[in-house]
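K.L.:
One structure, as structure tokens, below. Some questions next.
Nothing in this text is a laboratory measurement; each read-out follows from the coordinates by a stated rule. Everything numeric in this text was worked out from a predicted model, so none of it was measured. We place every Cβ from the backbone using ideal geometry, glycine too, and count neighbours over all the protein chains shown.
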Amino acid sequence: MIIGFAVRFTLPVLTCYGESYVVSRTSRSAALARVRITHDLEVRMGLAERRSVERFKNDDYPGWKSRIDEAAGFEVPVEVAWQELAVADYADRYAEYFPQVYFQPLVDALSAVAADDLGKEALREGMSKVVIRNTGEFFSPSGISFTDGVLTFDHMSDTNTHHGEERTKVLQDVLESAL
């Protein structure tokens, strides 16, 4: 007599240069989904990634920094962890993904908070800096926090890129509730 049974399905794992990839059963194209073994894993960028980050940092970011400052109504100290934002195999998409994930939602949220003099004053007095990073832990707005005057925006740069309005709303809510 069989009382019960368990079937264990395991997904094939590919390890390459310290990164683990799991073959997805749900993906029509059997694409590889990147999985970090540990967030302490040293981020290694190839030449393409380094070039693309430098290009964005030097060519595109200054314009975004100006928009951030204009939206807030003052010069906002912004600390960007560029090496963390870089994701292997997406170097050609940084110019699209970085603004969608980080910069446009930040500009929109700051504009909403600083819509009047009261909001501008609250930002100026309450926000000491913005930190933009990708620890690899957050693919949703749950990585957004505001502590001791520091707005931390932690999100995977290659995931949920099209959910900018959601990130904007959470950024705005986090700021308005803390200021």
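K.L.:
Taking 0.36 nm per intervening residue step and subtracting the Cα-Cα distance, what contour gain separates residue 124 from residue 165 on full extension? Mind dumping the intermediate values first?
P.N.:
Numbers: separation 41, 0.36 × 41 = 14.76 nm, distance 2.37 nm.
Stretched out fully, the residue 124 to residue 165 stretch lengthens by 12.4 nm.
K.L.:
Hey, quick one: spin label on residue 45, modelled 7 Å out along Cα-Cβ, who in segment 147-179 has an amide N within reach, i.e. under 17 Å?
P.N.:
Those under the cut-off are 155-159.
K.L.:
Please work out the ratio of the alpha-carbon Rg of segment 48-179 to 2.2 N^0.38 Å and round it to two decimals.
P.N.:
Numbers: Rg = 14.0 Å, N = 132, 2.2 N^0.38 = 14.1 Å.
Against the empirical 2.2 N^0.38 Å value, I get 0.99 for segment 48-179.
K.L.:
At R0 = 25 Å, how high is the FRET efficiency between residue 173 and residue 139 if r is their beta carbon distance? Nearest 0.05 is fine.
P.N.:
On the way: r = 19 Å, r/R0 = 0.75.
The pair residue 173/residue 139 has a calculated efficiency of 0.85.
K.L.:
Summing +1 for each Lys or Arg and -1 for each Asp or Glu, what net charge is found among the other residues whose Cβ lies under 15 Å from the Cβ of residue 128? Let's see the in-between values first.
P.N.:
On the way: positive: 124, 129; negative: 69, 75, 79, 121, 125, 148.
That works out to -4.
K.L.:
Right, something else. Students often get this wrong: which residues of segment 45-83 have the backbone nitrogen under 14 Å from the point 7 angstrom along Cα-to-C-beta of residue 150?
P.N.:
77-81
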